């Protein structure tokens with residue numbers, strides 16, 4: 001079958017396949033507003049010079065057993081950390097310090113710059129975790145969609161090359177939920193080109209599935225059972241490419257690209273339990 005613009009949109013644009021996506025987004029905002037009264041920590045802490053290089057720190061209940069950095073999605077061009085605050089309380093209650101990060105968005109900055117900013121966030125968090133009572137030797141990362149891509153890129157990062165004071169293994173493990181791991185198909189996505197222009201060389205350079213893992217940090221994956229065949233292939237490809245460090249895929253039947261991340265906030269869900277398992281807490 002010829003892969004035309006309609007095929008790429010059907011396979012790689014979740015908004016096209018989930019007609020009620022705005023209703024889901026509004027639900028995230030409402031859930032996040034509902035947990036605002038539970039916030040105990042530091043809001044909009046700057047980790048870099050760009051106005052969007054900020055993060056929120058949700059302090060663990062009691063002594064922190066681990067720390068989790070969450071990277072939001074939005075195809076690198078949309079959304080904000082505030083919409084995902086609803087994920088934090090379940091981890092806080094489990095004794096996890098929760099870092100919820102923002103980054104500058106395309107097209108104002110390039111995808112390469114977004115990756116650089118998230119690396120900068122990881123370095124900042126590792127350096128400053130003790131200030132927030134978080135164990136920096138128990139630091140993990142998770143992300144959704146574009147944030148899943150950025151999560152995997154953090155496990156491919158050569159941290160001592162970025163800064164000499166950093167260890168090889170900043171993150172002990174990562175969870176990519178509905179991540180895009182091979183960016184080469186996105187070169188052909190008309191719906192994305194205006195905001196996130198990619199040539200083949202850049203797509204290859206920024207595809208974690210085409211890069212080696214930098215350390216033995218383990219990778220977990222998950223995605224909704226209702227997601228497109230291409231998103232399922234993206235996850236299978238990552239599991240194969242990183243087989244030496246691949247830990248587990250967490251199936252989420254009945255969920256689409258957007259509803260799946262809501263399960264991360266649910267202590268009874270397989271996805272939340274998998275995240276705790278990654279951190280050695282379940």
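Brief remarks on what is shown
- Selection status of residue 35, at pLDDT 95 or above and within 23 Å of residue 118 (Cβ to Cβ): no
- Qualifying positions in segment 250-278 - over 18 Å from residue 73 (Cβ atoms) and part of a strand (DSSP E or B): 251
- Evaluation of residue 108 against (1) closer than 20 Å to residue 170 by Cβ; (2) surrounded by fewer than 20 Cβ atoms within 10 Å (Cβ to Cβ) (one fails), failing number: (1)
- Flag for residue 71 being within 20 Å of residue 119 (Cα to Cα) and buried (at least 16 other Cβ atoms within 10 Å of the Cβ): yes
- Some residue of segment 158-168 being at pLDDT 95 or above, assigned to a helix (DSSP H, G or I), under 22 Å from residue 213 (Cα atoms) and in contact with a strand residue (DSSP E or B) (Cβ under 9 Å, 6 or more places away or on another chain): no
- Matching residues, segment 80-102, being part of a loop (DSSP other than H, G, I, E, B), out of contact with any strand residue (DSSP E or B) (no Cβ under 8 Å at 6 or more places or on another chain) and touching a residue at least 40 places away in the same chain (Cβ under 8 Å): 94
- Residue in segment 215-223 that is in contact with a helix residue (DSSP H, G or I) (Cβ under 8 Å, 6 or more places away or on another chain), part of a strand (DSSP E or B), modelled with pLDDT of 95 or more and surrounded by fewer than 22 Cβ atoms within 10 Å (Cβ to Cβ) present: yes
- Evaluating residue 230 against the criteria (1) closer than 25 Å to residue 68 by Cα; (2) outside any loop (DSSP other than H, G, I, E, B); (3) more than 16 Å from the chain's Cα centre (by Cα); (4) touching a residue at least 24 places away in the same chain (Cβ under 8 Å) leaves one unmet condition, (1).
- Every residue from segment 233-249 that is without any contact (Cβ under 8 Å) to a residue 60 or more places away in the chain and either part of a strand (DSSP E or B) or under 15 Å from the mean Cα position of the chain (by Cα) (or both): 234, 235, 246, 248, 249
Okay, residues lined up against (1) in contact with a helix residue (DSSP H, G or I) (Cβ under 7 Å, 6 or more places away or on another chain); (2) closer than 30 Å to residue 280 by Cα:
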{"position": "5", "(1), (2)": "yes, no"}
{"position": "10", "(1), (2)": "yes, no"}
{"position": "19", "(1), (2)": "no, no"}
{"position": "23", "(1), (2)": "no, no"}
{"position": "31", "(1), (2)": "yes, yes"}
{"position": "37", "(1), (2)": "no, yes"}
{"position": "55", "(1), (2)": "yes, yes"}
{"position": "58", "(1), (2)": "yes, yes"}
{"position": "63", "(1), (2)": "no, yes"}
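- Total residues in segment 42-79, condition over 21 Å from residue 170 (Cβ atoms) and not in a loop (DSSP other than H, G, I, E, B): 2
- Only a single item in (1) in a helix (DSSP H, G or I); (2) touching a residue at least 60 places away in the same chain (Cβ under 8 Å); (3) touching a strand residue (DSSP E or B) at 6+ places or on another chain (Cβ under 7 Å) is not met by residue 126, and it is number (2).
- Checking residue 49 against (1) out of contact with any helix residue (DSSP H, G or I) (no Cβ under 8 Å at 6 or more places or on another chain); (2) touching a residue at least 12 places away in the same chain (Cβ under 8 Å), the condition it does not meet: (2)
- Checking every residue in segment 119-137 against the condition of being surrounded by fewer than 24 Cβ atoms within 10 Å (Cβ to Cβ), on the phi > 0 side of the Ramachandran plot and modelled with pLDDT of 95 or more gives at least one match.
- Flag set for residue 246, criterion: within 15 Å of residue 152 (Cα to Cα), at pLDDT 95 or above, surrounded by fewer than 17 Cβ atoms within 10 Å (Cβ to Cβ) and in contact with a strand residue (DSSP E or B) (Cβ under 6 Å, 6 or more places away or on another chain).
The values are calculated or read from the model by the stated rules, or taken from the named source; none is laboratory data. Note that the coordinates shown come from a computational prediction; the quantities given were computed from them, not determined experimentally. So basically every Cβ, Gly included, is an ideal-geometry build from the backbone, and we count neighbours across all protein chains shown.
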